[in-house]
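Worksheet: the structure to be examined is printed underneath.
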Amino acid sequence: MENLRCQCGHSNPLGTKLCESCGRSLTDKEQNSKLVDMRYEGTARRSQTYNRSIIDKIWNFFSSVKVGVSIIVILLVAAAIGTILPQQAFVPANTEATIKAYYADTYGSVGRVYHFLGFHDLYSSYWFIALVGMLAISLVIASLDRFVPLYKSLKNQRVLRHPSFMDKQRIYAEGPGAEDTLQKVEAKLKELKYKVRTDKNGLLAEKGRFSRWGPYVNHIGLIIFLAGVMLRMIPGFYVDETLWIREGETRAIPEVPGYSLENVKFALETYTGEGEEARFGEALGRVGTVAKNYQTDIVLYQAPKDSLPGATDNLEVVKEYSIRVNQPLKFDGYAMYQMDYKLNELKTMTFTLTDQETEESLGELTIDLIDPDKKYELKNGSTVELLGYYPNFSGFENGEPQTASPLPDNPGFLVEMTTPATPEGETSFITIQNTIEPFGTNQYKLAFQSAEMRNVSGLTVRKDKTLPILGLGGLIFMIGVAQGMYFNHRRFWLQQTDSGDILLAGHTNKNWFGLKKDLEQISVYASLPAYSDQQEDTEKEGELKS
């Protein structure tokens, strides 16, 4: 595509509004306007020049500020919707194995749709991460589309500009001057910390150019921050998992390869309201039991390098530790926090096989409620076979027993009892409070004898390698905010004609009051002609006409 040639002879890239050399207006819109658009120095931006290939169209789409703002709005709306129902991480522990059913059962069709759309785990959903990626792409393309031409334009600024460029600046003055006006102006501007360049009978002074890069520094900070967010999707960068572990149990730590944890003992200490705690007596009487401390005494193991994932054989002791609230176990970049607990969970239940008439016992069996056996051998060849086990029995549906969760909160057992007197077997359904004999009255029954309890500790394992990246992004973003908010780019162009007249133009990207204050000092020192604020003059004319 052909370049635009200015009357001064300079060849400008297609899309340029103001000549890069002399500053003349190159478009009808700029020629007819009273003030020139100095936002990007009138430079050519790719998004406003090319729109032919698919690459051009993609570039133009993502370079649009409206598109970027729209993506941000969508992300904010999605984040708001994600707070309506609890996120997966905050779903009660006894529903972890049935997370989909939890939302459907608890919230009905709304919960079903909520889970289907991924709002239950919003910040890890692929569509949310895709939106974050699109926002990052938008920031990169929008920044490049504006930064590169603006940087080239400011770097290659010419001292001498065409009078039409000068008289279309907001601050403009024209009038007679003395022979030493340029020298006085230059001296005063240097005193005010301006960088001054001269060429023949012209002068260009500027300061605070670095403030123009504030928005782009913001974008760099945001891009780094978003990169940190997206890195959380890569295994090894971010771990936030919950581990429920029972006393006496050894389990592999989720998302931590090669490490296992043994819960030796869980301890809970509460305020008693006695002795030194007597001052809390009134409050304790009002609110009830309050935890003073709860901790898990653990042993951390590491498996040999050649062992299978999750294996708990041949483990080597790494550390013994007591995990308390705000006193996590730290190892190999991970941290394990004490977050929750559950007291008195059923561990085993003991029954006796008894004749209902004579109460004669044929033996005792103990059922492990976490990993029950299928068959139990008793006296005289008697057996009890476990036909079905329902850890948290919730009732019958179409005649079939149901369980609400895999945790043994209300265990139910479907058993077949075989004895020498009943070789064909008898069937019973047993719960803690009831026994059902579906095929008529049985001769034998399983009589409950005792139960063993144990505590369960709720731990959270965390690892976050993205925190330094997020912190760096936030720091750079705040530097950009300060750079763009508290500083401004001020410029003066001054030219003296052959007849001795002075042409003066001034521009700043913000804080026109500060620019005028500097100009007043220069005017007094060098006796410059009175300037006018052409934007204010235009507004006053409009008010008078109306």
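The values are calculated or read from the model by the stated rules, or taken from the named source; none is laboratory data. Computed from a predicted model, the values in this text were never measured in an experiment. When we count neighbours, we look across all protein chains shown, and the Cβ atoms used for this are built from the backbone with ideal geometry, even at glycine. Keep in mind that these areas ignore ligands, DNA and RNA; they rest on the heavy atoms of the full protein, side chains included. Shrake-Rupley method; radii C 1.70, N 1.55, O 1.52, S 1.80 Å.
If you sort Asp464, Asp498 by accessible surface, 1.4 Å probe, largest first, the order is Asp498, Asp464. Each residue of segment 31-43 is assigned a 3J(HN,Hα), and the resulting list reads 5, 8, 7, 6, 10, 7, 7, 9, 4, 10, 6, x, 7 Hz, derived from the Karplus form 6.51 cos²θ - 1.76 cosθ + 1.60 (θ = phi - 60°), x at Gly and Pro.
Remark on Asn410: its backbone amide H falls under 5 Å from those of Asn392, Phe393, a criterion applied only to residues 5 or more positions apart or on other chains, H modelled at 1.01 Å from N. Per-residue Karplus couplings for segment 235-252, computed as 6.51 cos²θ - 1.76 cosθ + 1.60 with θ equal to phi - 60°, are listed in order as x, x, 8, 8, 10, 8, 10, 9, 10, 9, 9, 8, 4, x, 9, 10, 9, 5 Hz, Gly and Pro entered as x. The residue list Ile367, Phe210, Ile476 was ranked by how far each Cα lies along the charge dipole of the chain toward its positive end, using unit charges on Cβ atoms, and Phe210 comes out on top. Here segment 126-197 was treated as a single set of alpha-carbon atoms; its pair distances binned every 5 Å from 0 give 3, 11, 10, 15, 16, 9, 8, 7, 6, 6, 4, 2, 1, 1, 0 percent.
Compactness ratio for segment 250-313: Cα radius of gyration over 2.2 N^0.38 Å (N = residue count) comes to 1.83.
Using Cα positions and a limit of under 12 Å, work out the aspartates and glutamates in reach of Lys152, with same-chain residues fewer than 8 apart set aside. Those aspartates and glutamates meeting the cut-off are Glu20, Glu41.
Using a 1.4 Å probe, what is the accessible area per residue for segment 16-100, in Å²? Intermediate results must be reported in sequence, preceding the final value.
Values: 5090 Å² over 85 residues.
Value returned for segment 16-100: 60 Å² of accessible area per residue.
The smallest convex shape that holds all Cα atoms of segment 408-499, its convex hull, gives 308 Å³ per residue. Entry comment: accessible area of segment 238-385 is 60 Å² per residue, from protein heavy atoms only and a probe of 1.4 Å. On a 0 to 90 degree scale, rounded to 10, what angle separates helix 214-231 from the longest Cα axis of the chain? That helix lies at roughly 20 degrees to the long axis. Working from the Cα coordinates of the chain, the gyration tensor eigenvalues give, after taking √(5λ), semi-axes of 81, 26, 21 Å in decreasing order.
For segment 1-137, the dipole from Cβ point charges (+1 on Lys and Arg, -1 on Asp and Glu) about the Cα centre works out to 460 debye, to the nearest 20.
Here's the list of lysines a cross-link from Lys190 could span, going by alpha-carbon distance under 22 Å and ignoring same-chain residues fewer than 8 apart: Lys155, Lys200, Lys207, Lys510, Lys516, Lys517. When restricted to Cα atoms, segment 388-546 yields an Rg and a Dmax of 44.6, 132 Å, respectively.
Note on Val481: accessible area is roughly 40 Å² with a 1.4 Å probe, heavy atoms of protein only. Close amide H contacts of Arg161 (hydrogens built in the peptide plane, cut-off under 5 Å, sequence separation of 5 or more or a different chain): none are found.
Using θ = phi - 60° in the Karplus curve 6.51 cos²θ - 1.76 cosθ + 1.60, the 3J(HN,Hα) couplings for segment 188-205 round to 5, 5, 5, 5, 8, 6, 8, 8, 10, 10, 10, 8, 6, 9, x, 8, 10, 10 Hz; x is entered for Gly and Pro. Only the Cβ atoms of Lys and Arg (+1) and of Asp and Glu (-1) were treated as charged; on that basis the dipole of segment 332-414 about its Cα centre amounts to roughly 160 debye. Ligands, DNA and RNA left out, the 1.4 Å accessible surface of segment 263-339 is 45% carbon and sulfur atoms. For the listed peptides 62-73, 483-494, 32-43, a ranking on the average number of other beta carbons within 10 Å per residue, highest first, reads 483-494, 32-43, 62-73. Placing unit charges on the Cβ atoms only, positive for Lys and Arg and negative for Asp and Glu, gives the chain a dipole magnitude near 4900 debye about its Cα centre.
Counting only heavy atoms of the protein chains and using a 1.4 Å probe, Trp59 has close to 60 Å² of accessible surface. Just to be sure I understand the curve: with the Debye formula and one point per C-alpha of segment 17-167, what is log10 I(q)/I(0) at q = 0.10, 0.13, 0.20 Å⁻¹? Debye intensities relative to I(0), on a log10 scale: -0.58, -0.74, -1.15. Extension gain, Asn380 to Lys465, is 24.3 nm, computed as 0.36 nm per intervening residue step minus the present C-alpha separation.
Would you mind getting the accessible area per residue of segment 118-231, heavy atoms of the protein chains only, 1.4 Å probe, in Å²? Could you put the intermediate results ahead of the total?
Values: 5400 Å² over 114 residues.
The answer is 47 Å² per residue.
Estimated from the Cβ-Cβ distance and a Förster radius of 60 angstrom, the FRET efficiency linking Gln48 and Gln449 is about 0.10.
Given the rule -39500 (n - 2.57) for each run of at least 4 DSSP H residues, summed and divided by the residues of the chain, what is its mean residue ellipticity at 222 nm, to the nearest 500 deg cm²/dmol?
Values: 12 runs with 166 residues, N = 546.
It comes out at -10000 deg cm²/dmol, rounded to the nearest 500.
Cross-link partners of Lys265 among lysines, defined as those whose alpha carbon lies under 30 angstrom from its own and excluding same-chain residues fewer than eight positions apart: Lys292, Lys305, Lys319, Lys330, Lys342, Lys347, Lys374, Lys463. Axis angle, to the nearest 10 degrees, between helix 65-81 and the longest C-alpha principal axis of the chain: 20 degrees. The angle between the Cα long axis of helix 467-485 and the main principal axis of the chain comes to about 30°, on a 0 to 90 degree scale. Thr106 exposes around 70 Å² of accessible area when a 1.4 Å probe is run over every protein chain in place.
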